[in-house]
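The structure appears below as structure tokens.
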Amino acid sequence: MTTEHPRLALLTCALALVPALLVTACSSRAAPEGSGSAPGRSKSTAAQGEQRFAAAARAGLAGISGGAPLVSGLDRASEGAQDELGLPKGNGYRVTVACAGRGTVEVGFVPARTAPVARVSCDGVPVSLRFAVKAAGTRIDVRGGRGATGMIAWRVDKVRQSS
């Protein structure tokens, strides 16, 4: 009986090492020649960059007063935004857009007669446009310029009527 205990201890020790060996084996793959980084590392770095740009774009809108926005969004500059606003016709609104990254984006509406197109630099500085909803189904249309990267944060607020 005393001979089985050392075997049991050895087996327990070996089983405890298996997960550590598997983790080490899976994470120690060599990077492809010329890549300069391990597999999966560029995706992680890209996600961190995207999070950093998203935070900067949101920070650009942080100083906008007026309470909670009626509609808002956060989108990749390279993909743009085409969102239906769902706002009632005839009212005046303000859209504020901040883009953080590189390049420029164009902010417009569909139908196009809603407001003129405005160009916004991806430097984190917010740009506001006034517009009126003239047709049901009005959509915001943000398009990234050639090579635009980063994130776009936008919000729509009702324009207060002065008394």
Residues of the range 75-101 satisfying the condition of being open to solvent by 60 Å² or more (accessible area, probe 1.4 Å) and in contact with a strand residue (DSSP E or B) (Cβ under 9 Å, 6 or more places away or on another chain): R76, S78, E79, Q82, E84, G86, K89, G90, R94
The range 36-48, subset in a helix (DSSP H, G or I) and hydroxyl-bearing (S, T, Y), residue modelled with the highest pLDDT: T45
Top-ranked residue of the range 129-147 - restricted to ones that are of a type in the set (K, R) and more than 17 Å from G73 (Cβ to Cβ), ranked as most open to solvent (accessible area, probe 1.4 Å): R146
Matching strands (runs of 3 or more DSSP E) fully within the range 49-163 where at least 2 residues are free of Cβ contacts under 8 Å to residues at least 60 places away in the same chain and under 19 Å from the mean Cα position of the chain (by Cα): 81-84, 92-110, 118-123
Output for the range 102-128, where each listed residue is open to solvent by 30 Å² or more (accessible area, probe 1.4 Å) and within 22 Å of F53 (Cα to Cα): R102, G103, T104, E106, R119, S121, D123, V125, P126, V127, S128
Test result for A68, closer than 20 Å to A55 by Cβ, modelled with pLDDT under 90 and out of contact with any Ser or Thr (no Cβ under 6 Å at 6 or more places or on another chain): yes
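The values are calculated or read from the model by the stated rules, or taken from the named source; none is laboratory data. Predicted, not measured: the structure shown is a model, and the values here were computed from it. Glycine gets a Cβ as well: all are built from the backbone with ideal geometry, and neighbour counts include every protein chain shown. In case anyone asks, the SASA skips ligands and DNA or RNA and just uses the protein heavy atoms, side chains included. Shrake-Rupley method; radii C 1.70, N 1.55, O 1.52, S 1.80 Å.
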